[in-house]
Ligand code: FAD
Ligand code: UDP
């Protein structure tokens, strides 16, 4: 009998497995339908021997000391500050837009104060900033919006920025200084030996069993457990009863090139002419030394693995209905980017999982339910004794 069945071995699932096993003495089965742990942060060495991220570039950054210290128990860190250039008007210029971007793009030599005036003179006055178009146009005006944001966003989301919540383009600030880092978080570092090694270390505990290449629907009726933690898409869990929640996908095209680096910085964004949004050169991120390098192109897609929840009011409305169903369930918990339909970075998912762990372990009563082998999917068997658990009635005592 497992205390917890955890669906999904990404950040959300692995953090909870680790905490529940090592801090609460719980027996955990964590499963993933993929052939590996790590979820979308999974990395591995390709044929050329270069460490690559299978699901696109993952750069760790956080302002949370708690999250950074927590993960630091499972990996050493390599300090890394990500920098991105955008290919605009035939030049490579810093994005987020900063002082250098403006001076290079327009052949000017403005100071920080002057560039502030430059932005002010072009910014459109918008009383209530609601959309991703409003965010940019109200800060830097329409011309820079067109050059850097409109085309990229259309490609990435297949929506005009005016159809997306403000939070999407608000991820990318505007600066009047020359700071060309993509992030300004207090902690910016990569796991020294990669994400997968970090996940292996998290899940390496006698109370944790890992099962891969298994959809939870295949085993949920045959393996007894008390609680489930679900980190997959929430609409799929509820059999799409309120319709499909849109998730945006990507196709990744990897190429190994015969030179130490391919481009001048970790990522180059292509807002306009190309069908892809960006190219990432992995060795900047990983710090690996190698005579070759591997790069990845990202081509946005409607179909495929669900990578991005799409933040806009109509989707939030559908999610709210699923969330209400989820809230009614006593022994299933929903956490992570797909299960809570939130455009979260890795550190936010870790924080969300740590919060759920605290909630689960400060409960005063023991689980009141047990999911028995042989029960229909999602059917719960209520036990009469709320504090005592929990031999399954059919005598199967776990695997
Ligand atoms: P996931 O990693 O998606 O894990 C969920 C797991 O559940 C998956 O492995 C899936 O196979 C499994 N699963 C789903 N359904 C089932 C089922 N029915 N049965 C069994 N298993 C199931 N964040 C950053 O902080 N920095 C970045 O630079 C960054 N870059 C990103 C780039 C891309 C292209 C993408 C897509 C995301 C990026 N992120 C980044 C976000 C980051 O990937 C997520 O925040 C994080 O991985 C979410 O973890 P999770 O556990 O919630 O979900
Ligand atoms: N964005 C853009 N141009 C850029 C970079 C970002 O228009 O050069 C917009 C785009 O809508 C993108 C969003 O800002 O989806 C968030 O960018 P971020 O780099 O955070 O995306 P992620 O790394 O999550 O894919």
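Here are some notes:
- Length available on full extension from residue 154 to residue 142: 0.36 nm per residue minus the Cα-Cα distance, which gives 2.8 nm.
- Selected from 95, 318, 37 as most flexible by GNM, with the chain as the system and alpha-carbon contacts under 10 Å: 318
- A simple spin-label model places pseudo-atoms 7 Å from Cα toward Cβ; at residue 33 and residue 91 they are separated by 4.7 nm.
- Residues in the range 301-333 that a label on residue 162 would reach, taking backbone N under 14 Å of a point 7 Å out along Cα→Cβ: none
- As a calculated quantity, the FRET efficiency between residue 64 and residue 258 at R0 = 51 Å, using C-beta atoms, amounts to about 0.80.
- Taking the longest Cα principal axis of the chain as reference, the axis of helix 313-327 is set at about 20 degrees.
- Compared with the alpha-carbon gap, the fully stretched path from residue 303 to residue 48 is longer by 88.9 nm at 0.36 nm per residue.
- Cα-based helix-to-principal-axis angle, 11-24 vs the chain, degrees rounded to 10: 40 degrees
- Label-to-label distance, nm, for residues given as residue 213 and residue 343 (7 Å Cα→Cβ offset): 3.6 nm
- Antiparallel content of DSSP bridges confined to the chain, in %, to 5: 65 percent
- Angle of helix 112-122 to the longest C-alpha principal axis of the chain, folded into 0 to 90 degrees and rounded to 10: 90°.
Values in this text are rule-based calculations from the coordinates and carry no lab data. Treat the numbers as computed from the prediction; the structure is a model and nothing was measured. Positions of Cβ are backbone-derived with ideal geometry, glycine not excepted, and every protein chain shown enters the neighbour counts.
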